[in-house]
Amino acid sequence: MKADADPNLIVYFGGQYVPMREARVGILTHALHYGTGVFEGIRAYWNETARELYVLRPTEHFERWKRNCGILRIDVPLTPEELCAITAELAWRNAFHTDLYVRPLAYKSAERIGVAIDDEDSFFIAAVPYGEYLHSENGLHAGVSSWRRIEDNAIPPRAKICGAYANSALAGDEARRSGFDEAILLNEAGHVTEGATCNLFMVRKGRLITPAVTDNILEGITRDSIMELATRELDLEIVERPIARSELYVCDELFLTGTAVGVAPVVRVDHRPVANGAIGETTRRLRRLYFDAAHGNLQAYRKWLLPVYAGGRLAEQNAARVDARVGETSLA
Ligand SMILES: Cc1ncc(COP(=O)(O)O)c(C=O)c1O
């Protein structure tokens, strides 16, 4: 998060809705020392015309979260539907009428020294007002990082494991200190994987090309949305295959995708213009489609959205159900 969040915001912590200033963890918490947490990042977009706040693909995010928590043997004792209800409830209780970033985090919560994983798990969900992550309107300048992407057999990058983000932090920090907007990481074989916090697509000869989910990438939900939009709306062929570094220098278009960045065009890589250095037509169209879908302007993609206020009554009913279950499962 770029700005400090308001400590009075209501968050979901320890099975209750509490002000953020009361949501505290102890200094010996396992995840704080060893990175043994799994987080998510979800966006909600405010549509001023509709006076509605749309949470974007929350079910898919919570399904991914729960599945990936399994890698660290963390149990989140609620269903994706219940977690969606809590998210809507959070937005509603904070009376948000602005774009949001929602941050669920599940973690190993025993307070003791020792790296071995035990069965004490906790989770919280926080939602904060959040504008643009990268100012990508005019295109970004990306730099290939000197850091390598972590390997699946070291820390699986397909899950948003807290400790793994030291890799993204090192690459992102290096990129920005070197004057780039974002880092592009190669794997140990020298192939392109993704950005520090986003997936990568390039356009070559009319085809959309992106690394496969076996290439040490996060299985991005925005990546999935873009693939659906590209296939259905633009009739584009999508190829998932390894990308060589130098293909970045000769491709027709390049862009990054992610919950935080949305669809961010890259117009320069390593001080070289991508094609003629202007934002490409395919990127421009996909960026527009994604924006419209995320803001509830495309009927066909309403299936991706959870409306917070029209669904407000639903959220209230669900909250009662969740409160009852939380009592049963005694979330610590
Ligand atoms: C390393 C990394 N890759 C890709 C993404 C994009 O994933 P998603 O579209 O699900 O946000 C993210 C952000 O969540 C990320 O941290």
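Ala159: aliphatic (A, V, I, L, M) and within 13 Å of the ligand (Cβ to nearest atom), yes or no? Taking the combined requirement at face value, the residue satisfies it. Of all residues in the stretch 115-134, those being surrounded by fewer than 19 Cβ atoms within 10 Å (Cβ to Cβ) and either among the aromatic types (Phe, Trp, Tyr) or free of Cβ contacts under 8 Å to residues at least 12 places away in the same chain (or both) number 2.
None of Thr79, Thr49, Thr29 is surrounded by fewer than 21 Cβ atoms within 10 Å (Cβ to Cβ) and over 23 Å from Leu306 (Cα atoms) except Thr29. Looking across the stretch 159-183, the residues that are closer than 21 Å to Glu219 by Cα and in contact with a Ser or Thr (Cβ under 9 Å, 6 or more places away or on another chain) come down to Ile161, Cys162, Gly163, Tyr165, Ser168, Leu170, Ala171, Gly172, Glu182, Ala183.
For the stretch 261-285, residues that are small (Gly, Ala, Ser) and either not in a strand (DSSP E or B) or not assigned by TED's automatic domain parsing to the domain that holds Leu236 (or both) total 4.
Filtered by the rule that a residue be part of a loop (DSSP other than H, G, I, E, B) and among the hydrophobic types (A, V, I, L, M, F, W, C), the stretch 189-217 gives Ala189, Ala196, Cys198, Ala212, Val213, Ile217. Of all residues in the stretch 286-332, those being modelled with pLDDT under 95 and in a helix (DSSP H, G or I) number 18.
The requirement of being within 16 Å of the ligand (Cβ to nearest atom) and in contact with a His (Cβ under 9 Å, 6 or more places away or on another chain) is satisfied by Ile243.
Do we have Asp215 as more than 16 Å from the ligand (Cβ to nearest atom) and either of a type in the set (Asp, Glu) or assigned by TED's automatic domain parsing to the domain that holds Arg43 (or both) here? In short, no. Every condition in (1) crowded, with 22+ Cβ neighbours inside 10 Å; (2) within 16 Å of the ligand (Cβ to nearest atom) holds for Val267 except the one numbered (2). Entry remark, the stretch 144-158: residues being surrounded by fewer than 21 Cβ atoms within 10 Å (Cβ to Cβ), in contact with a helix residue (DSSP H, G or I) (Cβ under 9 Å, 6 or more places away or on another chain) and of a type outside the set (D, E, K, R) number 6 in total.
The values are calculated or read from the model by the stated rules, or taken from the named source; none is laboratory data. If you're wondering where the values come from, they're calculated on a predicted model, not measured in any experiment. FYI the Cβ positions are ideal-geometry reconstructions off the backbone, even for glycines, and counts take in every protein chain you see.
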